[in-house]
2 protein chains.
Amino acid sequence: MGKVEHCITFLLGKAYQKSQQIAKQHLNAFQITPVQYAVLLILWEKDGQYIAELGTRLKLDGATMTGIIDRLVQKNLIEKHADAKDRRINKIMLTEKGKSLENQLINAMNAGHQEILSELTETEMVTLKAILAKIGDVKR
Amino acid sequence: MGKVEHCITFLLGKAYQKSQQIAKQHLNAFQITPVQYAVLLILWEKDGQYIAELGTRLKLDGATMTGIIDRLVQKNLIEKHADAKDRRINKIMLTEKGKSLENQLINAMNAGHQEILSELTETEMVTLKAILAKIGDVKR
DNA sequence: CACAAATAATTTGTACACAAGTATTTTGTA
DNA sequence: TACAAAATACTTGTGTACAAATTATTTGTG
């Protein structure tokens with residue numbers, strides 16, 4: 001009885017899909033995507049990181065990062081600055097606009113998280129996070 | 001302390017990413033993707049379903065389905081048959097090649113699932129599936 | 001019957017996500 | 001110092017995934 005609905009890959013995918021939909025909805029007013037938000041979140045923590053660093057943190061391919069960074073530059077939320085010491089590197093710096101949106105965006109995403117987690121008890125949430133981390137943290 | 005690593009959306013995404021990588025790896029010899037496998041799995045259950053039906057089951061957009069179906073046709077695993085009763089509908093039928101791969105593909109994916117679940121205890125797996133279903137099943 | 005509304009599938013455009021390959025620059029080592 | 005190896009970023013190509021618009025067909029309602 002190998003129904004697709006009982007398959008762990010499918011269940012993970014659909015739960016992820018759902019969380020993405022909710023996140024998108026809450027970010028929609030700002031015209032940024034969930035992964036673009038994730039990049040900004042890391043930059044608010046520490047400005048001036050370079051692309052490979054951001055990609056490692058988010059576990060995303062360099063090719064994927066190039067596109068995400070391009071779109072954030074176009075939206076005028078970040079800027080690329082060539083490093084004088086190492087000309088391979090582009091330091092990513094928040095613009096004033098990028099800095100100014102921190103509180104609003106975090107509030108919007110917190111509301112999204114509440115919505116996702118509203119389906120679950122506190123215990124379920126803690127359990128879920130622990131198990132997901134176990135699956136996702138495996139080295140590749 | 002809003003680190004991205006503690007964010008449920010991120011954790012779901014990375015666990016999903018991991019499971020996709022493992023599934024891809026196990027399906028690689030057959031040159032089909034995880035979602036293409038999912039379509040075949042539903043067709044092995046019952047041949048001759050139409051595209052919207054498959055999309056509903058997999059919770060995928062019609063536009064997404066069109067592309068997936070196209071590629072499975074190109075690989076000669078399925079065929080599209082216009083329905084005589086309702087000319088809007090394309091019934092999707094397995095080819096002989098599509099039928100013949102059932103056992104091999106299921107075995108390959110079972111190995112993949114074992115690999116993912118090997119990180120978890122039996123209890124964790126049951127708990128995880130139940131919570132994921134709770135998140136994913138919410139109507140949209 | 002006529003015609004608006006609904007349904008099935010496709011098309012177009014945008015955005016990830018990764019593999020494979022390229023260009024440039026830096027580092028390590030002989 | 002010369003030069004292979006590594007690192008950074010980008011480009012190209014394939015494959016999801018969805019929104020919005022389009023086409024073709026069928027159904028429901030007056």
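The values are calculated or read from the model by the stated rules, or taken from the named source; none is laboratory data. Since the structure is predicted, the reported quantities are computational estimates derived from the model, not experimental observations. Heads up, the Cβs are rebuilt from the backbone with ideal geometry, glycines too, and the neighbour counts pull from every protein chain shown. Ligands, DNA and RNA are excluded from the accessible area calculation, which covers all protein heavy atoms including side chains. Shrake-Rupley method; radii C 1.70, N 1.55, O 1.52, S 1.80 Å.
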Neighbours by Cβ (under 9 Å, 6+ apart or cross-chain): first from segment B:62-74, open to solvent by 60 Å² or more (accessible area, probe 1.4 Å); second polar (S, T, N, Q) and within 8 Å of DNA strand D (Cβ to nearest atom): B:ARG71/B:THR33; B:ARG71/B:GLN36
Per the filter on segment A:21-45, residues more than 7 Å from chain B (Cβ to nearest Cβ), of a type in the set (S, T, N, Q) and more than 10 Å from the chain's Cα centre (by Cα) are A:GLN25, A:ASN28, A:GLN31
Whether any residue in segment B:1-20 is surrounded by fewer than 20 Cβ atoms within 10 Å (Cβ to Cβ), touching a residue at least 40 places away in the same chain (Cβ under 8 Å), under 29 Å from A:VAL35 (Cβ atoms) and more than 8 Å from chain A (Cβ to nearest Cβ) is what I want to check. no
Among the residues of segment B:12-35 satisfying the criterion of being closer than 27 Å to A:THR127 by Cβ and of a type in the set (Ser, Thr, Tyr), which is nearest to DNA strand C (Cβ to nearest atom)? B:TYR16
Sort through B:LEU105, B:LEU120 and tell me the only one that's surrounded by 15 or more Cβ atoms within 10 Å (Cβ to Cβ), more than 10 Å from every other protein chain (Cβ to nearest Cβ) and either at pLDDT 95 or above or within 15 Å of A:LEU12 (Cα to Cα) (or both). B:LEU105
Options A:GLN36, A:GLN20: the member that is within 21 Å of B:LYS3 (Cβ to Cβ) and away from DNA strand D (no atom under 13 Å from the Cβ): A:GLN36
Tally the residues that are of a type in the set (Ser, Thr, Tyr) and either touching a residue at least 60 places away in the same chain (Cβ under 8 Å) or within 9 Å of chain B (Cβ to nearest Cβ) (or both), restricting the search to segment A:123-140. 1
Index of the failed condition, A:LEU77 passing every other in (1) of a type outside the set (S, T, N, Q); (2) touching a helix residue (DSSP H, G or I) at 6+ places or on another chain (Cβ under 8 Å); (3) exposed (fewer than 13 other Cβ atoms within 10 Å of the Cβ): (3)
Quick one: would you say B:LEU54 is assigned to a loop (DSSP other than H, G, I, E, B) and either among the acidic types (Asp, Glu) or touching a residue at least 12 places away in the same chain (Cβ under 8 Å) (or both)? no
Determine whether B:ILE92 is open to solvent by less than 30 Å² (accessible area, probe 1.4 Å), modelled with pLDDT of 95 or more, within 12 Å of DNA strand C (Cβ to nearest atom) and in a strand (DSSP E or B). yes
With the checklist (1) surrounded by 13 or more Cβ atoms within 10 Å (Cβ to Cβ); (2) within 14 Å of chain A (Cβ to nearest Cβ) in hand, flag the one item B:ALA52 doesn't pass. (2)
Among the residues of segment A:123-140, write down those that are part of a loop (DSSP other than H, G, I, E, B) and open to solvent by 50 Å² or more (accessible area, probe 1.4 Å). A:ASP137, A:LYS139, A:ARG140
Filter result (closer than 30 Å to A:GLU102 by Cα and out of contact with any helix residue (DSSP H, G or I) (no Cβ under 9 Å at 6 or more places or on another chain)) within segment B:1-57: B:MET1
Subset of segment B:57-88, residues at pLDDT 95 or above and in a loop (DSSP other than H, G, I, E, B), comes to B:LYS59, B:LEU60, B:ASP61, B:LYS75, B:ASN76, B:LEU77
